[in-house]
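Following: one structure in structure tokens, then a few remarks.
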Amino acid sequence: MNLRLVSTTIAVALSVMLLGTGIYESVVVAPNLQGAPSSLEYARGFYHATNPGMFFRVLAPGTQFFLLLALVCNWAPIPLTRWRLAGALALALLGDLVTFKFHYPRNTILFSGSLTLPAADLDRVAREWALGNYVRIALIFTAVVLVMVSMIRIARDTAPGEHRYSSSAGAR
């Protein structure tokens, strides 16, 4: 078993899941937060048993763990791959920083704050949340690209001799 490739493949899979759920939130969840206060009453009712945060609290650290593992497993062989994986990990961590510093305060207003605030203020907070989510999506998308490029490079470097990528084979 090739731990270099397996750890990176799992990191790619988790990163893509994180990206997909971020996109889902922008396409499905964010538009439904507009039209406060009734939209927020419905959202609060819908999220009575669990909420997206429960999923992200498992997925985000899991993604970061496997990005770190991929980085450790691929530290020595290829410096450029090392820096791509380090960049992907940094972007994933930055995505969480955006979540904690930007989204959590807005989540508090939207999902547990008073609904007696002016509707325009609640809608503004919902729009800010949606725009901030685009930032997270951009960060995670860039991380996904970095990890995928790394995985392709690792797969090429660890393939059996006759299956390795070479410049002469690519010219055919």
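Nothing in this text is a laboratory measurement; each read-out follows from the coordinates by a stated rule. Keep in mind the model is a prediction, meaning the values are calculated, not measured. Positions of Cβ are generated from backbone atoms using ideal geometry, with glycine treated the same way; all protein chains shown enter the neighbour counts.
Summary table
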read-out	value
Paramagnetic reach from Tyr42 (point 7 Å along Cα→Cβ, amide N under 20 Å) across region 94-115	107, 109-115
Neighbourhood net charge (14 Å Cβ-Cβ; Lys/Arg +1, Asp/Glu -1) for Thr8	+4
Cα→Cβ-extended label distance, 7 Å offset, between Ala159 and Leu94, nm	3.2
Value of [θ]222 nm, deg cm²/dmol, for the chain, DSSP H segments ≥ 4, -39500 (n - 2.57) each, nearest 500	-24500 deg cm²/dmol
Distance between modelled label sites at Val149 and Arg124, nm, 7 Å Cα→Cβ extension	4.0
Fully extended contour minus Cα-Cα distance, from Trp75 to Val28, at 0.36 nm per residue	13.0 nm
Under the span-like rule (Cα at least 24 Å along the axis, Kyte-Doolittle mean at least 0.0), DSSP H helices of the chain	3-24, 52-73, 79-98, 119-158
Among Asn2, Phe66, Pro52 the positive-end extreme of the charge dipole of the chain (Cβ point charges)	Asn2
Estimated dipole of the chain in Debye, rounded to 20 [Cβ of Lys and Arg +1, of Asp and Glu -1, Cα centre]	540
For region 3-160, the spread of Cα positions along each principal axis, largest first, Å	63, 25, 20
